[in-house]
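The values are calculated or read from the model by the stated rules, or taken from the named source; none is laboratory data. Just so you know, these numbers come straight off a predicted model, no measurement behind them. Please note: Cβ atoms are built from the backbone with ideal geometry, for glycine as well, and neighbour counts cover all protein chains shown.
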C-alpha cells in the first residue's frame, strides 16, 4: 500500500488529505499514523504531511511554507536573507498571508506567518529552481513588508543596528519601491524609507 501511495504522491511538495483522496478515495487516515511511526512520512500540521526522504534545502522549505498556509508568500527576514541584504541566517521561514497570524514548528523547520491586508498582498513573484517553485516577495516588497511590520525600527540608529549589506541594497529599484510604497498609505513607513535612503548612501 505504501509504495503505491508514494508513487502516486511523491511529486507533491506537501501531501494534503484532499490530494490523497483524489488518488485514494477510500484512504484510511490510520495509515498516516502508522507510516509516521515507521518513519515514512512526517506530519507538518493537521492534514499536511511530507515524505521523510524529501530533501529540505532552503528553496524546498520556501515551497513548503507556501503550501503549508495558503495564500502566503515568503517575505520579511527570509526574503531579505535570500537576496543577501541580511547576512545572518534566519531561524524560521517568514511569510505574509491574508489569513490570521500563525506559526508551525516542525521537524524540518519553523514557519511563521504574519497577517497583511488584502490590498497589500502583492509584490511577489514565482521563483523556479529545477522542480521547486515558490512565491517570494521582490526585494522592494520584502523591504517594505519588513519595515511596515517592525515598529521597533524607527530611527537611524535602529537602521545601523541591522547591519544590512550595502551592496545588496544597491540592487533595489527605487522607482518600484516608491510605486509600492503608495499602496501602504503610511506616513510612518514613508519616513522609514527616507531613513533607508540615507542609510543606503552612508
Inset, instruction - Report yes if some residue within region 141-156 is over 26 Å from residue 65 (Cα atoms), out of contact with any helix residue (DSSP H, G or I) (no Cβ under 8 Å at 6 or more places or on another chain), assigned by TED's automatic domain parsing to the domain that holds residue 63 and not in a helix (DSSP H, G or I); otherwise report no. - result: no
Inset, instruction - Name every residue in region 170-185 that is touching a residue at least 12 places away in the same chain (Cβ under 8 Å), in a loop (DSSP other than H, G, I, E, B) and surrounded by fewer than 16 Cβ atoms within 10 Å (Cβ to Cβ), in order of residue number. - result: 170, 171, 173
Inset, instruction - Only one of these is assigned by TED's automatic domain parsing to the domain that holds residue 196, modelled with pLDDT under 95 and within 14 Å of residue 62 (Cα to Cα): 112, 132. Name it. - result: 132
Legend entry - Complete set of residues in region 1-19 that are within 22 Å of residue 68 (Cβ to Cβ) and in contact with a helix residue (DSSP H, G or I) (Cβ under 7 Å, 6 or more places away or on another chain): 8, 9, 12, 13, 14, 15, 19
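Yes/no matrix, rows are residues, columns are (1) surrounded by fewer than 21 Cβ atoms within 10 Å (Cβ to Cβ); (2) under 12 Å from the mean Cα position of the chain (by Cα):
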position: 101; (1), (2): yes, no
position: 110; (1), (2): yes, yes
position: 116; (1), (2): no, no
position: 121; (1), (2): yes, no
position: 130; (1), (2): yes, no
position: 141; (1), (2): no, no
Inset, instruction - Identify all residues within region 121-152 that are touching a strand residue (DSSP E or B) at 6+ places or on another chain (Cβ under 8 Å) and under 16 Å from residue 182 (Cβ atoms); write none if there are none. - result: 121, 123, 138, 141, 145
